[in-house]
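The values are calculated or read from the model by the stated rules, or taken from the named source; none is laboratory data. Keep in mind that this is a model prediction, so the values were computed, not measured. Every residue, glycine as well, gets a Cβ built from its backbone with ideal geometry; the counts of neighbours run over all protein chains shown.
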Amino acid sequence: GARVASVIYNRLARGMKLQIDATVQYALGEQKSRLSYSDLEVDSPYNTYIVDGLPAGPICQPYVSAIGAALYPEETDYLYYVLKPDGSGQHNFASTDTEFETYRQQYLRSLE
C-alpha cells in the first residue's frame, strides 16, 4: 500500500526506472509465475523496465485502498521492494543497492 507507493514516488523523484514486474506481466498479456530476463525486454509502453516514468496507463482497476496509498504514501527513503521468501506475499523494503541485492538473493534462493 502506502509503503509501496513511497518506493514509486522516491524512484520517480530520482529519475529511476520504476522496474515494476506487474507492468511487464500486463505488457506480456499473461500472468507468469516467474519473469525471465527476456520478458523484461518486451517492447511496450507499459514495460517500466524500459520506459521512463509511469506506464502509458493503468494496468488494472485499483482498489480504493490503492488509490488512498497513492494519494498518501508513507514518507520513507526506500527505493526497492522484493517479495519475502516465506510465501506470505509481503515485501522486504530496501534503501540501498546492497540491501536490495541481499533481499533479491534470499528470494531467488527460495525459488530453487
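Restricting the search to the range 57-87, which residues are surrounded by 15 or more Cβ atoms within 10 Å (Cβ to Cβ) and either in a loop (DSSP other than H, G, I, E, B) or among the polar types (S, T, N, Q) (or both)? Once the filter is applied, which keeps residues that are surrounded by 15 or more Cβ atoms within 10 Å (Cβ to Cβ) and either in a loop (DSSP other than H, G, I, E, B) or among the polar types (S, T, N, Q) (or both), the range 57-87 yields 59, 73, 74, 76, 78, 79, 84, 85. Close contacts from the range 1-14, counting a first residue that is within 14 Å of residue 53 (Cα to Cα) and a second that is among the β-branched types (Val, Ile, Thr), with Cβ to Cβ under 9 Å and a gap of 6+ residues or different chains, come to 7/76; 8/20; 10/76.
Listed by first and then second residue, the pairs with beta-carbon distance under 7 Å, at least 6 apart or on different chains, first residue in the range 79-96 and on the phi > 0 side of the Ramachandran plot, second at pLDDT 95 or above and loosely packed, with under 12 Cβ neighbours inside 10 Å, form an empty list. Take the residues of the range 1-33 that are among the charged types (D, E, K, R) and touching a Leu at 6+ places or on another chain (Cβ under 7 Å): which is surrounded by the most Cβ atoms within 10 Å (Cβ to Cβ)? Ranking the qualifying residues of the range 1-33, first place goes to 11. Number of residues in the range 1-23 that are of a type in the set (Lys, Arg) and within 24 Å of residue 36 (Cβ to Cβ) equals 2.
State all residues of the range 75-104 that are over 16 Å from the mean Cα position of the chain (by Cα) and at pLDDT 95 or above; if no residue qualifies, say none. Across the range 75-104, the qualifying residues are 75, 98, 102.
Are any of the residues in the range 24-33 part of a loop (DSSP other than H, G, I, E, B), within 14 Å of the chain's Cα centre (by Cα) and modelled with pLDDT under 95? Write out each step before concluding.
Narrowing the range 24-33 to residues part of a loop (DSSP other than H, G, I, E, B): 29-33.
From what is left, the residues that are within 14 Å of the chain's Cα centre (by Cα) are none.
The answer is no; no qualifying residue exists.
Of all the numbered requirements in (1) of a type in the set (D, E, K, R); (2) assigned to a loop (DSSP other than H, G, I, E, B); (3) under 13 Å from the mean Cα position of the chain (by Cα), residue 52 misses one, and that requirement is (3).
Residue 105: among the polar types (S, T, N, Q), within 15 Å of residue 7 (Cα to Cα) and either touching a Gly at 6+ places or on another chain (Cβ under 6 Å) or free of Cβ contacts under 8 Å to residues at least 12 places away in the same chain (or both), yes or no? It is false that residue 105 is among the polar types (S, T, N, Q), within 15 Å of residue 7 (Cα to Cα) and either touching a Gly at 6+ places or on another chain (Cβ under 6 Å) or free of Cβ contacts under 8 Å to residues at least 12 places away in the same chain (or both). Count of the range 53-78 residues, restricted to those that are without any contact (Cβ under 8 Å) to a residue 24 or more places away in the chain and of a type in the set (S, T, N, Q), is 1.
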